[in-house]
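The values are calculated or read from the model by the stated rules, or taken from the named source; none is laboratory data. All of these numbers come straight from a predicted model, not from anything done at the bench. Every residue, glycine among them, receives a Cβ derived from its backbone with ideal geometry; neighbour counts consider all protein chains shown.
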Amino acid sequence: MKHLTLLFSAWLIGLTTIALQAQPVVNVDAVALLGALPAPPTSLTDAYQRAYPNGATRADVAPYYQKTTDELVRVQQEAQSLLLQFYQQNPTGVPTMPQQPTNRVSAKDKSAMEAATSELAQKMLTDKAFAQKFAQMSESEQHAYMAKMLADKGLKPVNGTPNTNDKPMPGTDFDWMTPCNEFSQPVFAMNRWEKQAALEQKYDAQHDAVNAWIEAEIKKLPMISFGEYGHDHDPEKVQILKKQGLDKHRQVADAMIKETSVMFSEFRQQAQTRSTPLNDALKKVGYGANYSFGLNYTLVLQTQTMMLSDIQTILDNEMRFIEAVAKWEYDYRNFQ
């Protein structure tokens, strides 16, 4: 009897399609954002102009990159806000999946359906030939027979889809794990930081060598007596040597900015390579505007957040290098 009731219920009541909630991420093309960064300076003069605009007396490249940094801050804050919102709604970190709605049957329809079920069950119990014939019917033939029984009792099936949800789980239409790993694994690699540190050490050593040269040349100068004030190297010649030393520092700084320009361009290309698979996948689903990542949502959102932070890190490093290198030009131009 219960089995027949379920057959009638499944056939009689249609299911409205489940509407999955959208799971938006930040609507930003990270690769385009990376490509829009101002190109690294290729000369000491270029670096100086960025770090000391309009007669500035302190290195500050922030105004030059203001538009870029404002946009980076905006999208990163949006990503953090989305992540916070998610955890406020899902404290366990697991998104709440939509439940399949239950059927609503009026008392009248339920009574009629139970009567039809009872009648069909009674007939199958008392008429073995009919029971055997019904069992041999196809599913569509059984539905047609039940439709006639229900129609005789004034019931008609509603329009709709079957009371089953045969759609795949949200987010399983695409392998989100792969592009997330393709980004996160190389971004944590240490090789680029090791290369950057080696470059800094190389030019620090060259600046140390210039300082050693200045000190050695000053020691070669003849001593001059200043009466009761003692004696020391000729101050005018000392100043000349220090000026020459600053010029040597400028040459080292110019060589450094040329090499760092190549290095940072390489870092940007690497960032584009590791970001493109996930970025392209996000564009295809409209950054989640009408799409559910399902259980992959936090993975995708956190990886996108890392992708935006990666761009910020690249720019922060470039800005730090520019200010450090440009100071040599400033010191030379303002030497007294």
How about region 252-296: which of its residues are touching a Cys at 6+ places or on another chain (Cβ under 7 Å) and among the β-branched types (V, I, T)? none
Given the criteria surrounded by 13 or more Cβ atoms within 10 Å (Cβ to Cβ) and modelled with pLDDT under 70, does A115 qualify? no
Considering only region 253-268, I want to know if a residue exists there that is more than 39 Å from the chain's Cα centre (by Cα) and within 21 Å of E329 (Cα to Cα). no
Can you find a residue in region 239-250 that is β-branched (V, I, T), over 23 Å from L308 (Cβ atoms) and over 38 Å from the mean Cα position of the chain (by Cα)? yes
All but one of (1) surrounded by 13 or more Cβ atoms within 10 Å (Cβ to Cβ); (2) at pLDDT 95 or above hold for D234, so report the exception by its number. (2)
Could you list, ordered by first residue, the pairs with Cβ atoms under 8 Å in which the first is in region 314-330 and touching a residue at least 40 places away in the same chain (Cβ under 8 Å) and assigned to a helix (DSSP H, G or I) and the second is surrounded by 18 or more Cβ atoms within 10 Å (Cβ to Cβ) and of a type in the set (K, R), at least 6 apart or interchain? I314/R268; I322/R50; A326/R50; W328/R250; E329/R250
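On the given criteria, is A197 of a type outside the set (F, W, Y) and at pLDDT 90 or above? Spell out how you get there, then give the answer.
Values: of a type outside the set (F, W, Y): yes; at pLDDT 90 or above: yes.
Taking the combined requirement at face value, the residue satisfies it.
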Do we have N181 as within 30 Å of Y297 (Cβ to Cβ), at pLDDT below 90, surrounded by 12 or more Cβ atoms within 10 Å (Cβ to Cβ) and not small (G, A, S) here? no
State whether the residues of region 42-50 include one that is at pLDDT below 95 and either within 20 Å of E266 (Cα to Cα) or crowded, with 18+ Cβ neighbours inside 10 Å (or both). no
Can you tell me how many residues within region 316-336 are in contact with a Pro (Cβ under 9 Å, 6 or more places away or on another chain) and within 22 Å of A32 (Cα to Cα)? 1
Subset tally (residues that are touching a Phe, Trp or Tyr at 6+ places or on another chain (Cβ under 8 Å), buried (at least 18 other Cβ atoms within 10 Å of the Cβ) and in a helix (DSSP H, G or I)) for region 289-305: 5
